[in-house]
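Right, one structure below, let's go through it.
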Amino acid sequence: MAEAQAEVIAFLSDGAGYGAPGGPVERIETHISIVFLVGERAYKLKRAVRFSYVDYSTLALRETYCRRELELNRRSAPELYLRVRAITHVPGGGLEFDGTGQAVDFVLEMRRFAQESLLDRLADCGGLTPGLMRDVTDTIAAFHEAAAAVPGFGGAAVMRAVIAGNAENLSRAAPLLDGAAAREVSEAALVVLETMAPLLEARKAAGKVRRCHGDLHLRNICLLEGKPLLFDCIEFNEAFSCIDVLYDLAFLLMDLLHRGFSAQANAVCNRYLDRTGDWGGVALLPLFISMRAAVRAHVLVAQYCNILAAQTLAAARAYLALAGRALVGRTPFLVAIGGLSGTGKSTVAAALAGRFGPVPGARVIRSDVVRKMLSGVAPEVKLPATAYDVETSARVYAAMWAQARAVLAAGCPVILDAAFLAAGMRAEARALAARAGVGFCGVWLQAPVAVLEARLAERRGDASDADVLVMRGQAVEGVVDWLVVDAAAGVEAQVERILDAPLWGASREAVVRKML
């Protein structure tokens, strides 16, 4: 079919066809498309191919999918997706854009952006900052909230079919992978799926299966004028894009974990759950991450068979290993971190959360964020003093307890991040763990007042509204019998102090995982 597009490809490869001079034409090729970069524009041509999951084999299909890609991607990146252009015959010979002659193909015209703005490039140079990951997560959360529900898709049967497909493809790839490991991943995924089937069906009924992105990894997110944009969503196969919102998110989490960014993966997960309130599905994430990794494993093996690149095969094996690790369960555990404002509770909680299994780590429930969510505002929006009265604070803690119980019952570890100034609140945290039948670690951070004042004076864009005056007015009730940690020490030193505490005992290895 490539021969049928030879004239079109030659036309798009020649800068003269674009009218005003735009410099040389660059090409980015995949197995289903070619993107031509010229000047400030990018032109995406769909290859005339047909596979089991995509069919661009006819002119009518390519036009349909060009227009659908434009429509769907304008949901998240209207700044990038401009229009569909026809490539037409010129009377007497040759081709042109949008002429009066017969159309021979169609392209999607897009605004060009610097490749260095792609998140996978930023990842390579240490650019995945906490602020960037927060903004990306908020963008994804808003995209999912606005996405249309698709009742005819999703559910346990669909996920079972995906696992079966993975098993078949991994079996074919067994000569190049660890065959035993591939079988174990597929079998374990099916076992977990059966326990999660009721939850999958409940989420489908609740409208959590939506027309999502479908290919949400770092290479499909860019920064344009400082704003994260999700682009290149899947338009050619509804089964790939009409999915549970957490399965969509899991692709990004898996990509971060594969690249060694477990802290960022945990931060994205927690921010997403905070912004959407969708923590009821948190138990599904290890399975979803494993499934995404398994797909990448067998896809890369197929690519390796075509290009025979050693690094491609190595990546496939790494994805398979991640698929297996994601399904290794851990004993749920409750950690409560308290202390005066400015002691760095949230920083320590975030650094600690990625150290718990299963992936993507512990659920961090922060009182400051819960308070903002109950008020219906974003975490960084400042609240009036009335939002900190006794009655509101009681509601905040009640919401924290309820969420912690549900997440622990789902088999996931929890870190509670709050001041815990009242003895009764500290006792309730311990009692909650006892009622849930899980281990408990209470951590109390303390540092000199001068350190706290300096930190609070420098605080910007945080969920906490506490300032120096608030901190000075805080009083600790009763005797604190939790593990006392020096909050003036480095964050990693504090984390290691917590994890090395004797109170963990034999439970430590059952709870804590090595960084991925």
H89 paired with D481, simple spin-label distance in nm, labels 7 Å along Cα-to-beta-carbon: 8.9
Formal net charge of residues neighbouring A315 (Cβ-Cβ distance under 15 Å; K, R +1; D, E -1): +1
Cα long-axis angle, helix 449-458 against the chain (0 to 90 degrees, to the nearest 10): 30
Give the calculated FRET efficiency between D14 and A103 to the nearest 0.05, with a Förster radius of 22 Å applied to their Cβ-Cβ distance. 0.70
Quick one: which residues, 5 or more positions from S57 or on another chain, have an amide H under 5 Å from its amide H? H modelled 1.01 Å from N in the peptide plane, none for Pro or chain starts. V49
5 Å is the cut-off here: which amide hydrogens, built 1.01 Å from N in the peptide plane, fall below it relative to V364, excluding neighbours closer than 5 in sequence? I415
Can you work out the Karplus-derived ³J(HN,Hα) for every residue in segment 366-381? Use 6.51 cos²θ - 1.76 cosθ + 1.60 with θ = phi - 60°, whole Hz, and x for glycine or proline. 9, 4, 4, 6, 4, 4, 5, 5, 5, 8, x, 10, 5, x, 8, 7
Under unit Cβ charges (Lys, Arg +1; Asp, Glu -1), what dipole magnitude, rounded to 20 debye, does the chain have relative to its Cα centre? 800
Using a Debye calculation, one point per C-alpha and no hydration shell, please list log10 I(q)/I(0) for segment 187-296 at q = 0.10, 0.13, 0.19, 0.22 Å⁻¹ in order. -0.29, -0.50, -1.10, -1.45
Could you tell me how many cubic angstrom of Cα convex hull volume segment 20-81 has per residue? 103
Between helix 423-436 and the chain: long-axis angle, C-alpha atoms, 0 to 90°, nearest 10: 60
Can you give the FRET efficiency to the nearest 0.05 for R50 and Y388, using r as the Cβ-Cβ distance and R₀ = 56 Å? 0.35
What angle do you read, to the nearest 10 degrees and between 0 and 90, between the alpha-carbon axis of helix 179-205 and the longest principal axis of the chain? 80
Farthest towards the positive end of the dipole of segment 19-89, among N73, F36, L61 and with Cβ unit charges of +1 on Lys and Arg and -1 on Asp and Glu, lies the Cα of L61
Between Rg and the Kirkwood Rh of the chain, both from Cα atoms, what is the Rg to Rh ratio? 1.02
How much mean residue ellipticity at 222 nm does the chain get from its helices, if each DSSP H run of length 4 or more adds -39500 (n - 2.57) and you divide by all residues, to the nearest 500 deg cm²/dmol? -15000 deg cm²/dmol
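Coordinate-derived values only; no laboratory data. Given the structure is predicted, the values throughout are model-derived calculations rather than measurements. Note: ideal-geometry Cβ built from the backbone for every residue, glycine included; neighbour counts use all protein chains shown.
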